[in-house]
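Asks: One structure, as structure tokens, below. Some questions next.
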Amino acid sequence: MDDTTAKRGRFTVLPLANGAVYNLVLQQLLEFIEGLESGDRIPSERALSEKFSVSRVSLREALRSLESMGRIEIRRNSGSFVREPLANPMTDYIRRVTPGGEESLNQLVSVRAALEDRVVLILGDGDHDFSHVHAHLLEVESEVADTSPAGSVDVRFEALLARLTNNRLLIEFQRTTHELWIETWGGCGQGPGDRKSLLAEHWGILDALREGDTAAARERMAAHVDRTVA
């Protein structure tokens, strides 16, 4: 093992809450929004939970994953709206050429680490408004206050940062990687950390960006995403 590998931490892998139900609901939602148009409003959580006969807790987690994939946008007090009803064509291609399971996760880690680092590097070179990202973390903070530890595949924070770069190609590559990330972890019924721990790391990254400390932001992002799966 080289020095670089030795310094890398490991993900704290935890089972997803109601993993089987989560995967089923996520697939149902993906199929549902494919019949909609960008900008269409999605039915309320109550209506969707009744439609799919699942709890609102399981539904909410699946909706977070859709937002992490860039497929929908959840607006506080307004509802959820379709952003991209169809999967990025790159996702289908990459899915066919990757091995799946733990090997795919380790490969995805390398790709994610490179993409998220580039996002941070771009954001460190200029004046950016992080108020929307800050508001998102405050909302997540209120959501996780009383939750028990369970695996999470929520990467909305990273997606919000990428949008601030205004680099459409980078955003699309990240969106593809996030979709595969969520799909692969979800298929294992696990997540790379619990929401509270991930939130604390997100706050650290955002604090460094807002302070203009790009080096610290890159270091914290690397510690956040560039870990070993096993």
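The values are calculated or read from the model by the stated rules, or taken from the named source; none is laboratory data. Note that the coordinates shown come from a computational prediction; the quantities given were computed from them, not determined experimentally. As a convention, Cβ positions derive from the backbone with ideal geometry for all residues, glycine included, and neighbour counts pool all protein chains shown. For the accessible areas, the whole protein counts, side chains as well, though only heavy atoms, and no ligand, DNA or RNA atoms are used. Shrake-Rupley method; radii C 1.70, N 1.55, O 1.52, S 1.80 Å.
Asks: Quick one: residue 112 ticks every box in (1) closer than 28 Å to residue 19 by Cα; (2) open to solvent by 60 Å² or more (accessible area, probe 1.4 Å); (3) of a type in the set (Lys, Arg) bar one, so which box is it?
Replies: Against the list (1) closer than 28 Å to residue 19 by Cα; (2) open to solvent by 60 Å² or more (accessible area, probe 1.4 Å); (3) of a type in the set (Lys, Arg), residue 112 comes up short only on (2).
Asks: Then there's this: How about region 82-105: which of its residues are open to solvent by less than 80 Å² (accessible area, probe 1.4 Å) and under 15 Å from residue 183 (Cα atoms)?
Replies: Scanning region 82-105 gives 87, 88, 90, 91, 92, 94, 98, 99, 100, 101, 104, 105.
Asks: Ok, one more. Which fully enclosed helices (runs of 4 or more DSSP H) of region 165-230 have 2 or more residues being touching a Ser or Thr at 6+ places or on another chain (Cβ under 7 Å) and either without any contact (Cβ under 8 Å) to a residue 12 or more places away in the chain or open to solvent by less than 30 Å² (accessible area, probe 1.4 Å) (or both)?
Replies: Here the list reads 168-188.
Asks: Another question about this same structure. Between a residue in region 32-57 that is charged (D, E, K, R) and any residue that is in a loop (DSSP other than H, G, I, E, B), which pairs come within a Cβ distance under 9 Å, given they are 6 or more apart or on different chains?
Replies: 34/85; 34/86; 34/87; 37/85; 40/85; 41/78; 51/43
Asks: Would it be correct to say that residue 106 is over 15 Å from the mean Cα position of the chain (by Cα) and part of a loop (DSSP other than H, G, I, E, B)?
Replies: Spelling it out, it is not the case that residue 106 is over 15 Å from the mean Cα position of the chain (by Cα) and part of a loop (DSSP other than H, G, I, E, B).
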